[in-house]
Structures are given as C-alpha cells and as structure tokens.
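Asker: For reference, the structure I am asking about is given below.
The values are calculated or read from the model by the stated rules, or taken from the named source; none is laboratory data. Computed from a prediction, not measured in an experiment: that's the story for all the values here. Cβ sites come from the backbone with ideal geometry, for glycine too, and all protein chains shown count toward neighbours.
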Amino acid sequence: MAYSKKIKVLYQEQLQQIQNAGIFKQERFIHSAQAADIEVEFPTGASIKKVINMCSNNYLGLSSHPDVIKAAHKGLDARGYGMSSVRFICGTQDIHSELENKVTEFLGTEDTILFASCFDANGGVFEALLSQEDVIITDALNHASIIDGIRLCKAQRLIYNHSDMRDAEEIDNETKKSVKGLERCLKESQKYKLRMIATDGVFSMDGDTAKLDEICDLAEKYDALVMIDDSHASGFIGKTGRGTHEYRGVMGRVDIIATTFGKALGGASGGCISGRKELVEMCRQKARPYLFSNTVAPVVVSGILKVFDILSASTERRDKLEKNSEYWRKGLSKAGFILKEGNTPIVPIMFFNAKLSQDFSKDLYEEGIYAIGFFYPVVAKGQARIRTQISAGHEIHHLDKALEAFIKVGKKYDILGKTKQEIIDRYGL
C-alpha cells in the first residue's frame, strides 16, 4: 500500500497525542566521550552545555578508560574494523574465542557464546533451547529483551509476581488481577517436558536484586532450569563483581547467564550467553541471532578483553561504586524523595506522574544535571520516575552538586517529604 496522506495524518495525530500528554521522548546529543562530566546539545540546535551525567550504564567508569581505548586501537590495527560475516561462515577470529574463555572463567560457568548484543542473546536463547512441550516461568518485571525472546519461542509462558517465591495466588490490589508466586507456578507446570525460570539478576528499572538463592532452591526442588539476565550486575555486583549469582551465593547453580558488554564491561556493544556446556552448544547450532547476525567487531572485542584484565587486577572500581551508591541513596532519602528500595547503583526516584518526571528532568538540565524521566511504556502507568545510576567515575563533588540540584528542583515542585498519595493528589497519574 502506498504511503497515503490518510496514513501520514494517522501517525501525525498519534505523535501529537504523545506530545500533548507531555511524554514525547527527545534525544539529547552528547558531544564528548561518555563520562561523569559530559557535553550535551539539547534541544537540537541549542548551545552545548557541560553537565553531570547521572543516568548512564557506565557503572565502572570504563567507557573512556585510556587503557581500554589503547587496546581497542591495537585491535583495530591488528584485526581490522569488522568481520563482514557471521561466526560459522568466516566471522570467527582467535580473539572471539579468547573473550568467550575469559567470560567463562570470570562468571564461573562451563562455556560462553558471543552475540551482537544481550538483546540478541535473549532473542535467541529461548527458541534454541525450548519447544512447545516446554514452559518458561518469568518474573513480571523482566526486561523487554526477555519478554521479546519468550514471544519468539513456542514454549508456553507463566508469569509470577515480582520476586514472589511463595506457593500462593491472590488478587493484586492495584491491578485487581490474579497473581501467583513462583512455587505455585512450578507446581502447576509439572505436565511440561522442561521448565525454565527466567529472571533479571538486577532489575533495571527498580534496582532490586533477584532472590537467586531461593530461586535455585525451588528450581532444584521442581527440576527446573534457571536463566538470568545479569546485564545490570556483571562486573560490580558481588564481592568480586561476578554478578548476582556471586552476591546470592549460588555460583555454579545457575544454568544460563545472559549479560552485556555495553554497560559496566566497557560500555561498547556485544553480549553473551554463558552457562552449561550443552546449552551453550545448542545456541551455537540453533540461535538465530547468532547464525544470522555479524560477529562482534574486533575493535570491540579487543577493548572488552582489556576490561577483564582491569577487573581481574583489582576490585577498586567496584568498591568505589558501592560507596558512591550508598552516599547518593542516603542523600536523596534524607532530602525526602521517594525511592525504590535497593542496594545497587540503580536508584529510581519516584514521581508517578509522567509529565512531572519530564518537567523535573528539564529543570535538572538547567541546573547542569543530566537525568532522564521514565514513564509508560518503559515502566507501568502511574510508575513514572527518574532513574539515577551511579558510576565509579563519579567523585563526591559530582554527587554533592547533583544532590543540591535535585533538592532545589524538588522544592520547586513541592514533593520533598511528600507521600505517594500527596504527589498523586497534586499531579495525578
């Protein structure tokens, strides 16, 4: 069908509705390297402004580390710009295998397979391992990539209430819908050939950590596989930064770990599936994003290899990140903001109203602080927030200036010390 005027007007009207609701997403252009201090153009055509970045996934501050950049340059010179191929044809270099081995050793698994991104990894793993005779039991707040990967798979799907381990079913007070705990789902799914529990390690929008110890116990009780997406944990969660499985004391008990190299582990691109040898091999044979997507570029692989060298040498960055996160959370709580509970570098500040989160973000920008409002469909309706993310690249002066700005803008909108209901009464959902 031709792109008629009628179709054009239809989409124009939908976009106008989004703008009128105050939830239109606008990109900001960064004119510098990713770091705690960045130079931003916003809106388009405006003067470039120096701001403190409070919403990056650059948890360990390695995105612009000089040693990582140097390693990437060497990789570019030695291995070229790109492979122009998928892995099984002519897209595998020695450094791809080297990185897979490093990841396997770091995570304490049996084998690893690289993907172009963790989104691709999650898009391929379920279909490669499960069939219509199987079932995936997934946490209600799992990342979009897990949700999409499950949709691409023919296995059945059961959803359990977020981090609810119980053998229980009840009515959710907010949605008025029936919700079930994980054990109840496991009990009700015994007819299936295979059962897989899928969960985020650290939940990206809330910053809380999956109860992996309890999940593994239930999985062993009911003979189920365990899959986690540890993208917001690899490199800094746990005593030595191995991830959620280290933090919860279940290393060796998780069957599949998906993670990314686009956050703490260098911040570039690429992802992987790491876990049981047979499961990884099935992905090599059947995972469509692996079989039909180009290999991770050599320049990226070279940088990631250096990242693992840095992490193996010291936990200094991980330890600094933990201290920064505690400092930031305490400062916000003392000021009277409503925060999602957690103990990770992800600290969501709740506004509930989408437009309020947008307006607050714009005012922060005027104060030299870069932090983005999140709202539906990124989070559930009525759960709008500004998700702040702390980095080892932040110094205390960065955090103090950001706190000062948040408090100033918070006073403007009169939300400091207010309850959820008081904010909703004033601004609505």
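Asker: Against the condition under 30 Å from residue 319 (Cβ atoms) and either modelled with pLDDT of 95 or more or of a type in the set (Lys, Arg) (or both), how does residue 423 come out, does it pass?
Answerer: When the stated conditions are applied, residue 423 does not pass them.
Asker: Out of everything in the stretch 128-164 that is acidic (Asp, Glu) and touching a helix residue (DSSP H, G or I) at 6+ places or on another chain (Cβ under 7 Å), what residue ends up being farthest from residue 92 (Cα to Cα)?
Answerer: If we take residues in the stretch 128-164 being acidic (Asp, Glu) and touching a helix residue (DSSP H, G or I) at 6+ places or on another chain (Cβ under 7 Å), then 164 is farthest from residue 92 (Cα to Cα).
Asker: Considering only the stretch 336-358, state which residues are more than 20 Å from residue 58 (Cβ to Cβ) and either over 20 Å from the mean Cα position of the chain (by Cα) or without any contact (Cβ under 8 Å) to a residue 60 or more places away in the chain (or both).
Answerer: Once the filter is applied, which keeps residues that are more than 20 Å from residue 58 (Cβ to Cβ) and either over 20 Å from the mean Cα position of the chain (by Cα) or without any contact (Cβ under 8 Å) to a residue 60 or more places away in the chain (or both), the stretch 336-358 yields 336, 337, 338, 339, 351, 352, 353, 354, 355, 356, 357, 358.
Asker: Filtering the stretch 250-265 down to residues that are buried (at least 24 other Cβ atoms within 10 Å of the Cβ) and either in a loop (DSSP other than H, G, I, E, B) or not hydrophobic (A, V, I, L, M, F, W, C) (or both), which residue is farthest from the chain's Cα centre (by Cα)?
Answerer: Only one residue tops the list, namely 254.
Asker: Among (1) crowded, with 20+ Cβ neighbours inside 10 Å; (2) in the same structural domain as residue 51 (by TED's automatic domain parsing); (3) assigned to a helix (DSSP H, G or I), there is one condition residue 344 misses while meeting the rest; what is its number?
Answerer: So the condition that residue 344 fails would be (3).
Asker: Examine the stretch 418-426 for a residue that is within 27 Å of the chain's Cα centre (by Cα) and surrounded by fewer than 17 Cβ atoms within 10 Å (Cβ to Cβ), and state whether such a residue exists.
Answerer: Scanning the stretch 418-426, I find at least one residue that is within 27 Å of the chain's Cα centre (by Cα) and surrounded by fewer than 17 Cβ atoms within 10 Å (Cβ to Cβ), so the answer is yes.
Asker: Say whether the condition of being more than 23 Å from the chain's Cα centre (by Cα), exposed (fewer than 14 other Cβ atoms within 10 Å of the Cβ) and of a type in the set (D, E, K, R) is met by at least one residue in the stretch 129-140.
Answerer: Within the stretch 129-140, one or more residues are more than 23 Å from the chain's Cα centre (by Cα), exposed (fewer than 14 other Cβ atoms within 10 Å of the Cβ) and of a type in the set (D, E, K, R).
Asker: A follow-up question, please. Hey, can you tell me all the residues within the stretch 400-422 that are aliphatic (A, V, I, L, M), closer than 14 Å to residue 333 by Cα and out of contact with any strand residue (DSSP E or B) (no Cβ under 8 Å at 6 or more places or on another chain)?
Answerer: 403, 407, 416
Asker: Helices (runs of 4 or more DSSP H) wholly in the stretch 266-335 with at least 3 residues that are more than 22 Å from the chain's Cα centre (by Cα) - which ones?
Answerer: 277-286, 298-313, 316-335
Asker: From 149, 108, 91, 123, which residue is in contact with a Phe, Trp or Tyr (Cβ under 6 Å, 6 or more places away or on another chain) and not hydrophobic (A, V, I, L, M, F, W, C)?
Answerer: 149
Asker: When only residues in the stretch 369-404 that are of a type in the set (A, V, I, L, M, F, W, C) and over 19 Å from the mean Cα position of the chain (by Cα) count, which is farthest from residue 141 (Cα to Cα)?
Answerer: 396
Asker: Based on this model, can you work out whether residue 167 counts as closer than 30 Å to residue 297 by Cα and either at pLDDT 95 or above or touching a helix residue (DSSP H, G or I) at 6+ places or on another chain (Cβ under 6 Å) (or both)?
Answerer: The answer is no for residue 167.
For every residue, the table says whether it meets (1) in the same structural domain as residue 381 (by TED's automatic domain parsing); (2) closer than 26 Å to residue 375 by Cβ; (3) modelled with pLDDT under 95.
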| site | (1), (2), (3) |
| --- | --- |
| 142 | no, yes, no |
| 145 | no, yes, no |
| 176 | no, yes, yes |
| 188 | no, no, no |
| 202 | no, yes, no |
| 205 | no, yes, yes |
